[in-house]
């Protein structure tokens, strides 16, 4: 894992914390349960490290990778699936003579396959992008070259609004500061952005924002050389939202873990360093860069239970709180789990290693994920019930089951993919209050057609009750025709299309037009003063649509 011009490699992260404090841990209402000890079976994946995304599959199992372990003699990683009760099935073994060290974890695509990257190996030895079926069928999609595409990808891939997958590379050679890349499910790769240090260096994984843009962090670069928060359009335009200043600037620094965005639009993240004790921070920021605020400075001198040096992704809970892990700190200085409320209240939920021999695991470097059963799941890098290979665990905060959407953008008539449980016998599916035609594929997976109507949360009525999606689904607007096609200022123009019911803005070129929403398929706009011949555009929560042809403004 590159940091500035130096390196903080995987081996070092396994020993970040060397000071141990022993004391009694206070009881909490939440329930931590060790479920599986990595390495307890020969050829197992071992020692889950930072970045490894854990994704829920259509079958309800959780999928990920490790950069260590596996059946090959080189022990350079494996991909696996694991049930919520801890039943592990290895899917694929990586080897030193092929793509290896898959740090990214796995991301579910709309085709039911999982996408990830290896940070090493491949045709040019600087990493690859691959896809994997739930039965372990491996397909290599791209071999990084170290050239314009750079290489050494570590971060998880994220599904974009266009159905392609996006992520970042760290760069390979001196003078390379990393890239953001896009790859199609068939393996066509493009590099929308090359980082220049001034806008960040060594970027970490992206998240898809509620506005359709991507947000991420870099571990170096920026105004103070200790990282930035950035926004990137799908076309690759990067805007620095915040340059970290480190402890000297009363700020965080070196953000390693990924961001998460709440349903109100606020973005949360962590830094590995900086803060009052240089042990890291939790922060929030708006998508415009305003409202940046350090919510918590990690500090074990003020609270012995506090974690330090967070490495993993944050998770947004269905209660609106943000959940995370720290690779060190906690009561025994073996790592901790924490929660931050929208108001900024921080609390330590669990400190690792209270059990003799650390059978609950220690050093939780990966982020947690909330399964649709309501519980959080994660992995520690070390410790375990029988061997020192790490521990897969659950954290039960008493949250109710819900449904999750594979993708959250689509046009009227497109398919919504829904993950959950108890779907057999489902009687109704709605999007934003509008009924949707649906097909129950299995008890843990169904599909629905995007109906006319509003963007909004998806609800599924099952025999066990009604389940609500954790995220809104955004209906992408489309303009098909308009008429008349010409006229003077003040002309009433009827614009037809789909997904228009939530129109918030209509423009003719650069001029805003007054309008009336007639239905989901029709908007009537008035040609505004000062308008010239140009295209109509309609903006909704689901995006922006433009007409294919121009309206001619006459005298």
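May I ask you to verify whether residue 380 is surrounded by 22 or more Cβ atoms within 10 Å (Cβ to Cβ) and either within 18 Å of the chain's Cα centre (by Cα) or without any contact (Cβ under 8 Å) to a residue 24 or more places away in the chain (or both)? Reasoning before the result, please.
Details: surrounded by 22 or more Cβ atoms within 10 Å (Cβ to Cβ): yes; either within 18 Å of the chain's Cα centre (by Cα) or without any contact (Cβ under 8 Å) to a residue 24 or more places away in the chain (or both): no.
So residue 380 fails the test.
Is it the case, given these coordinates, that residue 92 is at pLDDT 95 or above, in the same structural domain as residue 338 (by TED's automatic domain parsing) and crowded, with 24+ Cβ neighbours inside 10 Å? Full working, then the answer.
Working: at pLDDT 95 or above: yes; in the same structural domain as residue 338 (by TED's automatic domain parsing): yes; crowded, with 24+ Cβ neighbours inside 10 Å: no.
Considered against the rule, which asks whether it is at pLDDT 95 or above, in the same structural domain as residue 338 (by TED's automatic domain parsing) and crowded, with 24+ Cβ neighbours inside 10 Å, residue 92 comes out as no.
Would you confirm, using the coordinates I've provided, whether residue 398 is in contact with a strand residue (DSSP E or B) (Cβ under 8 Å, 6 or more places away or on another chain), assigned to a loop (DSSP other than H, G, I, E, B), surrounded by fewer than 18 Cβ atoms within 10 Å (Cβ to Cβ) and touching a residue at least 60 places away in the same chain (Cβ under 8 Å)?
On the way: in contact with a strand residue (DSSP E or B) (Cβ under 8 Å, 6 or more places away or on another chain): no; assigned to a loop (DSSP other than H, G, I, E, B): yes; surrounded by fewer than 18 Cβ atoms within 10 Å (Cβ to Cβ): yes; touching a residue at least 60 places away in the same chain (Cβ under 8 Å): yes.
The answer is no for residue 398.
Can you tell me which residues in region 58-81 are within 26 Å of residue 441 (Cα to Cα), assigned to a strand (DSSP E or B), in contact (Cβ under 8 Å) with a residue 40 or more places away in the chain and over 18 Å from the mean Cα position of the chain (by Cα)?
Matches in region 58-81: 79, 81.
Yes or no: residue 310 touching a residue at least 60 places away in the same chain (Cβ under 8 Å), under 27 Å from residue 33 (Cα atoms), in a loop (DSSP other than H, G, I, E, B) and assigned by TED's automatic domain parsing to the domain that holds residue 375? Give the derivation first.
On the way: touching a residue at least 60 places away in the same chain (Cβ under 8 Å): no; under 27 Å from residue 33 (Cα atoms): yes; in a loop (DSSP other than H, G, I, E, B): yes; assigned by TED's automatic domain parsing to the domain that holds residue 375: yes.
So residue 310 does not fit the description; no.
Within region 457-476, does at least one residue satisfy the condition of being within 24 Å of residue 524 (Cβ to Cβ), in a loop (DSSP other than H, G, I, E, B) and out of contact with any helix residue (DSSP H, G or I) (no Cβ under 9 Å at 6 or more places or on another chain)? Give the steps one after another, and end with the answer.
We begin by selecting, within region 457-476, every residue within 24 Å of residue 524 (Cβ to Cβ); these are 474-476.
Keeping just the survivors that are in a loop (DSSP other than H, G, I, E, B) gives 476.
Checking which are out of contact with any helix residue (DSSP H, G or I) (no Cβ under 9 Å at 6 or more places or on another chain) leaves us with 476.
Yes: region 457-476 contains one or more residues that are within 24 Å of residue 524 (Cβ to Cβ), in a loop (DSSP other than H, G, I, E, B) and out of contact with any helix residue (DSSP H, G or I) (no Cβ under 9 Å at 6 or more places or on another chain).
Please pick out the residue among 388, 333, 373 that is in contact with a strand residue (DSSP E or B) (Cβ under 7 Å, 6 or more places away or on another chain) and over 20 Å from residue 205 (Cα atoms). Walk me through it before giving the result.
Working: 333 fails: in contact with a strand residue (DSSP E or B) (Cβ under 7 Å, 6 or more places away or on another chain); 373 fails: in contact with a strand residue (DSSP E or B) (Cβ under 7 Å, 6 or more places away or on another chain).
None of the other options fit; the residue is 388.
What number of residues within region 313-336 are closer than 15 Å to residue 348 by Cβ and part of a strand (DSSP E or B)?
Residues in region 313-336 being closer than 15 Å to residue 348 by Cβ and part of a strand (DSSP E or B): 8 in total.
For region 247-301, enumerate the residues that are on the phi < 0 side of the Ramachandran plot, part of a loop (DSSP other than H, G, I, E, B) and under 17 Å from the mean Cα position of the chain (by Cα). Don't jump to the end; show me each part of the working.
First, pick out the residues of region 247-301 that are on the phi < 0 side of the Ramachandran plot: 247-249, 251-253, 255-264, 266-273, 276-277, 279, 281-288, 290, 292-301.
With the extra rule that they be part of a loop (DSSP other than H, G, I, E, B), the set shrinks to 251, 255-259, 262-264, 266, 272, 276-277, 279, 286-288, 290, 292, 298-301.
Across region 247-301, the qualifying residues are 255, 256, 257, 258, 259, 262, 263, 264, 266, 286, 287.
The values are calculated or read from the model by the stated rules, or taken from the named source; none is laboratory data. Computed from a predicted structure; not experimentally measured. Neighbour counts are summed over all protein chains in view; Cβ atoms, including those assigned to glycine, are modelled from backbone coordinates with ideal geometry.
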